[in-house]
């Protein structure tokens, strides 16, 4: 059974956040950090600050949309703050 992931990347250098979904988390993050994703290429390097595993593409897409809503921004700021502390 295929797994799907929603992930959040953070570019500390540019203070940027990227939220996406995939069925191959390691490969997708590698593509982001090797400059193969046009929307994230200008903001290298990226660090994964969160991911969640979901059972279907539909659930991953819905979760991605939820994370992109403004009410989740506070939680994303907390995730960023936590990585800067450690």
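The values are calculated or read from the model by the stated rules, or taken from the named source; none is laboratory data. Keep in mind it's a predicted model, so treat the numbers as computed, not measured. Every residue, glycine among them, receives a Cβ derived from its backbone with ideal geometry; neighbour counts consider all protein chains shown.
Side notes on the structure shown:
- Tally, over the stretch 45-63, of residues that are out of contact with any helix residue (DSSP H, G or I) (no Cβ under 6 Å at 6 or more places or on another chain) and not in a strand (DSSP E or B): 9
- Any hit, the stretch 64-71, residues being under 12 Å from the mean Cα position of the chain (by Cα) and part of a loop (DSSP other than H, G, I, E, B): yes
- Looking across the stretch 8-27, the residues that are outside any loop (DSSP other than H, G, I, E, B) and within 15 Å of residue 43 (Cβ to Cβ) come down to 8, 9, 10, 11, 16, 17, 18, 19, 20.
- Of the set (1) in a loop (DSSP other than H, G, I, E, B); (2) closer than 19 Å to residue 76 by Cα, all apply to residue 38 but (2).
- Selected residue (criterion: surrounded by the fewest Cβ atoms within 10 Å (Cβ to Cβ)) from residues of the stretch 31-60 that are over 14 Å from residue 18 (Cα atoms) and within 13 Å of the chain's Cα centre (by Cα): 53
- Every pair of residues 6+ apart whose Cβ atoms lie under 7 Å, when the first sits in the stretch 2-21 and is on the phi > 0 side of the Ramachandran plot and surrounded by fewer than 17 Cβ atoms within 10 Å (Cβ to Cβ) while the second is at pLDDT below 95 and outside any loop (DSSP other than H, G, I, E, B): none
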